[in-house]
Amino acid sequence: MIFLFELSVKSVRQKAGVPGDDCSGPGFPGHHGGFRPSWSFWRTAMAPLTLLRVFLPFSLGYFLSYLYRTVNAVIAPDLVRDVGLDPAGLGLLTSAYFLFFAAFQLPLGVLLDRFGPRRVEAALLLLAAVGAFVFARAETFAGLMLGRALIGLGVSACLMAAFKAFTLWFPPERLPLVNGVQMVSGGVGALAATAPVEFALQVTDWRGVFLAVAALTLLAAILVFLVVPEKEGPGVGESLREAISGIATVLSDRTFRRIAPWAVAGQAAYLSILGLWSGPWLRDVAGYGRMEVAGTLMGISLAMIAGYFSFGALADRLGRRGVKPMRVAAAGMGAFMGVQFLLVLQPAVGTVPLWLLFGFCGTSCILPYAALSQGFPRHLAGRANTGLNLPVFVAAFVAQWAIGAIIGLWPETATGGYDPAGYRAGFGVVLGLQGLAGGWYWVRGKVDSSSKCTT
């Protein structure tokens, strides 16, 4: 984790009052200046280990969050067979994760800013472990919904708690890179939910898979609580009224209102399609078998990992030259819409490359979080990110269910699959909403620029 060491060196130098970004200044080997490091300085210099203690447990939590989020794309045929679900029911069951995830976002922001990410994340992961156990043992649709809802609520802090911790431990200008590397762990979780799960299904059933993941989630909760160091942020000690006032400050901010619609629409498309409908699309439109579907989903997840790291590194590098993260995000999200347009057309060739581009370009939708973190004081960072996360996951819930409802408007094909025309219509609606949101972002940018010029 070279970048973690580099960031820790920068943090050490800043705390010691030493200028510069490299290791050649006062207090470092090879320099003969007058700075003499104290014991407290060298204690701070242990920051690489501390930063790993911050980074790795939260990475495991987000790995599990993404595994839960996307695993239904692989086990969907088993759920349909065992529970007798139609497309709308499958979409509703899978999207229950998003609904309860979203419902907790605003109180989550207050909890993160008041009590810190370590305690909040550990407690919620325990709830996710319970949800996975309930899902594994459920025999009815209602039981599955309850388990899925508890999972969504339990992993609702996995990303936001990490982002909050990073604002406490890393310098603001490095957040796009750090956040991007955190997202890579989510990509690994999505990767684990593809071919590895399909192979596991040859040994056990989907219930056995969820029991194993429940045990891993319990372990993650213990690690977060015992390993992550405590660090109080400036929001600790706020009254409830001040905490709620902070939410209002975030939601009324002009930059937030400009960025949020496009970020919400893009993330909703990415999460809803990747988390469920990519697998059935590959089966019904491309005509792939189960192993081919799992292999392609694995490739998409690898592209996702590459995308999260690449967009994070690109935003970090360009940020040093004065380019804001939203500029990079806008370019990536525009490319993402172009890929979706081609998928709506359902070309006869290039299926795998298109889906790999979908996995890669869709990761740009995460950059608005870094843009918002940079634009608000640290004591509002948790509420800024959860203020965006709330509509993102509400929209993902609606999109995942709505795509299923639209697909269900067409009769099943002779092979028992869903009609490709239904996918074209469902994906097309989601793409159209992104186009409207992107237009809002562009128009509001012009309006804001004009108002600045006249004041």
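Of note:
- Any chance ASP22 is acidic (Asp, Glu), out of contact with any strand residue (DSSP E or B) (no Cβ under 9 Å at 6 or more places or on another chain) and at pLDDT 85 or above: no
- Leading residue by the ranking (surrounded by the most Cβ atoms within 10 Å (Cβ to Cβ)) among those in region 191-208 that are among the β-branched types (Val, Ile, Thr) and under 23 Å from MET304 (Cα atoms): THR194
- Matching helices (runs of 4 or more DSSP H) fully within region 238-319 where at least 2 residues are surrounded by 23 or more Cβ atoms within 10 Å (Cβ to Cβ) and at pLDDT 90 or above: 254-272, 278-284, 290-319
- Condition check for ALA348: over 25 Å from GLY445 (Cα atoms), outside any helix (DSSP H, G or I) and of a type outside the set (D, E, K, R): yes
- For region 153-174, a tally of residues being more than 15 Å from PHE63 (Cβ to Cβ), assigned to a helix (DSSP H, G or I) and of a type outside the set (Lys, Arg) returns 10.
- Comparison of PHE358, PHE336, PHE376 shows that the only residue that is of a type in the set (A, V, I, L, M, F, W, C), in contact (Cβ under 8 Å) with a residue 12 or more places away in the chain, buried (at least 20 other Cβ atoms within 10 Å of the Cβ) and closer than 17 Å to PHE163 by Cα is PHE376.
- Qualifying residue in region 174-181 (condition: in contact with an Asp or Glu (Cβ under 6 Å, 6 or more places away or on another chain) and within 29 Å of VAL293 (Cβ to Cβ)): no
- Per the listing THR351, THR386, the residue uniquely surrounded by 21 or more Cβ atoms within 10 Å (Cβ to Cβ) and of a type in the set (Val, Ile, Thr) is THR386.
- Among residues of region 189-225, those that are of a type outside the set (A, V, I, L, M), assigned to a helix (DSSP H, G or I) and over 22 Å from THR140 (Cα atoms), counted: 6
- Residue list for region 393-433, filter: assigned to a loop (DSSP other than H, G, I, E, B), surrounded by 16 or more Cβ atoms within 10 Å (Cβ to Cβ) and of a type outside the set (Phe, Trp, Tyr): GLY408, ASP419
- First in region 264-277 and at negative phi, second anywhere and among the hydroxyl-bearing types (Ser, Thr, Tyr) and at pLDDT below 95, Cβ under 7 Å, 6 or more apart: LEU274/THR70; GLY275/THR70; GLY275/THR94; LEU276/THR94
- Filtering region 350-379 to residues that are among the aromatic types (Phe, Trp, Tyr) and more than 15 Å from the chain's Cα centre (by Cα) leaves TRP355, PHE358, PHE376.
The values are calculated or read from the model by the stated rules, or taken from the named source; none is laboratory data. This one's a predicted model, so the numbers in the text were calculated from it and none came from an experiment. All Cβ positions, glycine included, derive from the backbone under ideal geometry; neighbour counts span all protein chains shown.
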